[in-house]
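The values are calculated or read from the model by the stated rules, or taken from the named source; none is laboratory data. Keep in mind that this is a model prediction, so the values were computed, not measured. When we count neighbours, we look across all protein chains shown, and the Cβ atoms used for this are built from the backbone with ideal geometry, even at glycine.
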Amino acid sequence: MSPPPPSFRLPPLLKDWPWPRVQHPALEEAAIACISWLDNSALDASDKEKVRRGSELGSTLAALAYPTLDKKSFIVACHLLSVLFLIDDFTDPKKASDAQNVVNTIMDVFEYPLKERSAADPFVAETTRQFWIRALDISPLWQQTLFIAHFREYLNAVVIEASDREIDHLRDFDDYIHMRRSTGALRPAFWVIECAEGLPEHVVKHESIVTLATCAADLIIFGNDILSYNREQALGSLHNTVSIAVHKQCLGIQEAIDWTVARHDDVARKFQATIDEVPSWGPDIDNHVRAYIDTLGYWVRANWEWSLGSSRYFEKEEWRLIEKTGIVELLPKVLEADKI
């Protein structure tokens, strides 16, 4: 009798997280608005279909991550997450030099947002431009400058990650989490909340608000890394907290999962403690700050719940079995020839 395949227990990561699952009521309307430009675009049929799929992923996640945003800002949020999914999928298999070319084209969008991208450009460039046109309408100039800086940091990190993949470079945990905060694109994602709530610049840059955003980003990263680990280990990807614990600390897979959960729980406690350290800026601003913090909390819940319910990390039959047993069986390694 053959031994059972390697496996790990899926932890109840958010059992004590106080922010519940809530869905935005305008999901269907926003999803349609995100692709309203598509039929009249110069993209070919194949690229249009990719954009539609990316929009579906982005909109369904956004509905859980931004459940209380006003409709105009929510459409921008849906559009942004769609762009991020498309960039992630488009650049994931690329070499660093190819990823850098894509990054250069995308950054050009922010300098010339009124210029429709040519058919020769990657389709993610025109999709990003369409998002940015909407985003300009909900943001003051200082926030636009901040977003471009956040987005450049994200794209530069994508290129570094591609370079790491090429040489199978495994970072230590501190180095990894620093870069993962950029590759996760969570600062651009939280930017939409800042704009929707109209937070002043001095509030956005206050130490307590920055700490809350960093904690929320780390919680999302840890949750995502646990859920994506099985797929990523099969593909040989090392850009994952669990992989680092396995390879750098010589832990078994279940030990590495438990280690990641412990890091997550430490940050969750810090997030909630930091809320008490947020100063008052007067009743009106305080209400918007509270809404901002709540949306960070919803984001953490959304990432976990959406990932479990989508097919991005688990096939339907695979997930049904996990729901019954709580056990994730490791997928076999994918040969290099099968990745192409």
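Candidates Asp98, Asp121: the one that is at pLDDT below 90, in a helix (DSSP H, G or I) and over 30 Å from Tyr292 (Cα atoms) is Asp98. On the basis of being of a type in the set (Gly, Ala, Ser), surrounded by fewer than 16 Cβ atoms within 10 Å (Cβ to Cβ) and part of a helix (DSSP H, G or I), does Ala273 make the cut? So Ala273 fits the description; yes. Among the residues of region 9-62, those identified as in contact with a Gly (Cβ under 8 Å, 6 or more places away or on another chain) and in a loop (DSSP other than H, G, I, E, B) are Leu10, Leu13, Leu14, Trp17, Pro18, Trp19.
Residue-level analysis places Ala216 outside the set of residues that are under 20 Å from the mean Cα position of the chain (by Cα), among the aliphatic types (A, V, I, L, M), buried (at least 16 other Cβ atoms within 10 Å of the Cβ) and closer than 29 Å to Leu38 by Cα.
Report whether or not Asp108 is of a type in the set (Asp, Glu), assigned to a loop (DSSP other than H, G, I, E, B) and without any contact (Cβ under 8 Å) to a residue 24 or more places away in the chain. No; evaluated as a whole, the condition is false for this residue. For region 51-69, does any single residue satisfy the condition of being surrounded by fewer than 24 Cβ atoms within 10 Å (Cβ to Cβ) and closer than 21 Å to Asp137 by Cα? Yes, that holds for at least one residue. Note on region 129-220: enclosed helices (runs of 4 or more DSSP H) holding 1 or more residues that are farther than 21 Å from Arg301 by Cβ and at pLDDT below 95 are 141-167, 173-183. Taking each residue of region 61-89 that is among the charged types (D, E, K, R) and looking for partners that are outside any helix (DSSP H, G or I) with beta-carbon atoms closer than 8 Å, six or more apart or interchain, yields Lys71/Ala26; Lys72/Asp137; Lys72/Ile138.
If the condition is being part of a helix (DSSP H, G or I), within 23 Å of the chain's Cα centre (by Cα) and of a type in the set (A, V, I, L, M, F, W, C), then region 281-323 contributes Val289, Ala291, Ile293, Leu296, Trp299, Val300, Ala302, Trp304, Trp306, Leu308, Trp319.
Looking across Asp286, Asp338, one residue alone is on the phi < 0 side of the Ramachandran plot and either modelled with pLDDT of 95 or more or aliphatic (A, V, I, L, M) (or both). It is Asp286. Taking the criterion of being of a type in the set (A, V, I, L, M), under 26 Å from Arg290 (Cβ atoms) and part of a helix (DSSP H, G or I), the residues of region 63-83 that qualify are Ala63, Leu64, Ala65, Ile75, Val76, Ala77, Leu80, Leu81. Ser41 meets each of the listed conditions (1) of a type outside the set (Phe, Trp, Tyr); (2) surrounded by fewer than 18 Cβ atoms within 10 Å (Cβ to Cβ); (3) touching a residue at least 60 places away in the same chain (Cβ under 8 Å) apart from (2).
You will find that of Ala262, Ala268, the residue that is under 30 Å from Pro67 (Cα atoms) and without any contact (Cβ under 8 Å) to a residue 60 or more places away in the chain is Ala262 and no other. On the given criteria, is Glu126 surrounded by 18 or more Cβ atoms within 10 Å (Cβ to Cβ), of a type in the set (Asp, Glu) and either touching a strand residue (DSSP E or B) at 6+ places or on another chain (Cβ under 8 Å) or outside any loop (DSSP other than H, G, I, E, B) (or both)? Answer is yes for this residue.
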